[in-house]
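To keep things clear, I will list the structure first and then write my remarks on it.
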Amino acid sequence: MQKKIRVRSIIIRGFLTLLFLAVIARLYVTQVVDAASLQEKATDMWDAQRALPASRGTIYDRNMQVLAGDALAYTVAVNPKVIHGFGLAQEVAAGLSKILQKPQKELFEQVTRQNADGEWLVNVEVRREGWKIDKATADRILAWKKQFAQNHNIAVEIGRVLYCSRKKRECIPNIPSHLTF
């Protein structure tokens with residue numbers, strides 16, 4: 001009986017020793033042999049930048065009426081380099097001024113903006129009046145852009161005019177969503 005127990009215990013110890021040696025060998029391979037490639041993969045993952053857009057979601061009151069939610073918003077941007085190339089800065093400023101209700105002089109300054117070295121900028125956002133505008137205004141700008149290109153016989157893109165983002169939309173006018181109860 002003692003001999004059987006002793007043999008079983010030697011077999012179990014041997015198995016555990018082999019298992020322990022296999023774990024140590026795998027640890028050695030991971031830490032020493034594959035270290036350079038794993039370090040490179042880790043650096044690539046750390047350096048990677050991904051945009052994670054946050055959805056604000058929808059805020060409801062106790063009667064399940066929507067108080068606030070997400071809405072599409074558009075930002076107007078002009079390309080002074082391309083606009084200067086066509087020599088249409090005054091016309092672009094006048095057209096956008098009518099739609100955005102922004103003074104034409106301020107818009108002309110943005111349409112003709114240059115950097116410190118005197119080079120024309122490539123992308124200038126029309127701030128305040130052209131920032132996070134609604135779909136109706138964006139559609140009017142796109143229609144104006146199409147008509148403008150036809151009137152001046154421009155077959156190429158005259159610069160990126162709109163780009164899309166999100167904004168908070170309050171569904172009950174004149175009452176901020178955080179004060180409704």
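Only the coordinates and a few stated rules stand behind these numbers; no lab work does. Everything numeric here is computed off the predicted structure, so don't read it as measured data. All Cβ positions, even for glycine, are placed from backbone atoms using ideal geometry, and neighbour counts span all protein chains on display.
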> Which whole-number percent of Cα pairs in the range 12-59 have a distance greater than 15 Å?
Replying inline: 69 percent
> Given charges of +1 on the Cβ of Lys and Arg and -1 on the Cβ of Asp and Glu, with all other atoms neutral, how large is the dipole of the chain about its Cα centre, in debye to the nearest 20?
Replying inline: 1340 debye
> Once all Cα-Cα distances of the range 53-137 are split into 5 Å bins that start at 0, what whole-number percent is in each one?
Replying inline: 3, 13, 19, 18, 13, 9, 8, 7, 5, 3, 2, 0
> Relative to the Cα centre, what is the charge dipole magnitude of the range 13-67, using +1 at the beta carbon of each Lys and Arg, -1 at the beta carbon of each Asp and Glu, and rounding to the nearest 20 debye?
Replying inline: 280 debye
>> Given the DSSP H assignment, sum -39500 (n - 2.57) over each helix run of at least 4 residues in the chain and divide by its residue total; what's the result at 222 nm in deg cm²/dmol, nearest 500?
In response: -15000 deg cm²/dmol
> How big is D for the chain, in µm² s⁻¹ as a whole number, if Stokes-Einstein is applied with the Kirkwood radius of its Cα pairs at 25 °C and 0.890 mPa s?
Replying inline: 108 µm²/s
> Once the dipole of the chain is set up with Lys and Arg at +1 and Asp and Glu at -1 on Cβ about the Cα centre, which of 63, 5, 101 lies farthest towards its positive end?
Replying inline: 5
> For the chain, with the dipole built from +1 on Lys and Arg beta-carbon atoms and -1 on Asp and Glu ones, taken about the Cα centre, which of 75, 150, 89 lies farthest toward the positive end?
Replying inline: 75
>> I'd like the orientation of helix 2-28 relative to the chain: the angle between its Cα long axis and the longest Cα principal axis, in ° from 0 to 90, rounded to 10.
In response: 30 degrees
> Hey, got a sec? Which GluC sites (Glu not before Pro) in the range 27-129 land in a DSSP loop and have at most 13 other Cβ atoms within 10 Å?
Replying inline: 119
> Suppose R0 equals 35 Å; then what is the FRET efficiency for residue 139 and residue 38 from their Cβ-Cβ distance, rounded to the nearest 0.05?
Replying inline: 0.10
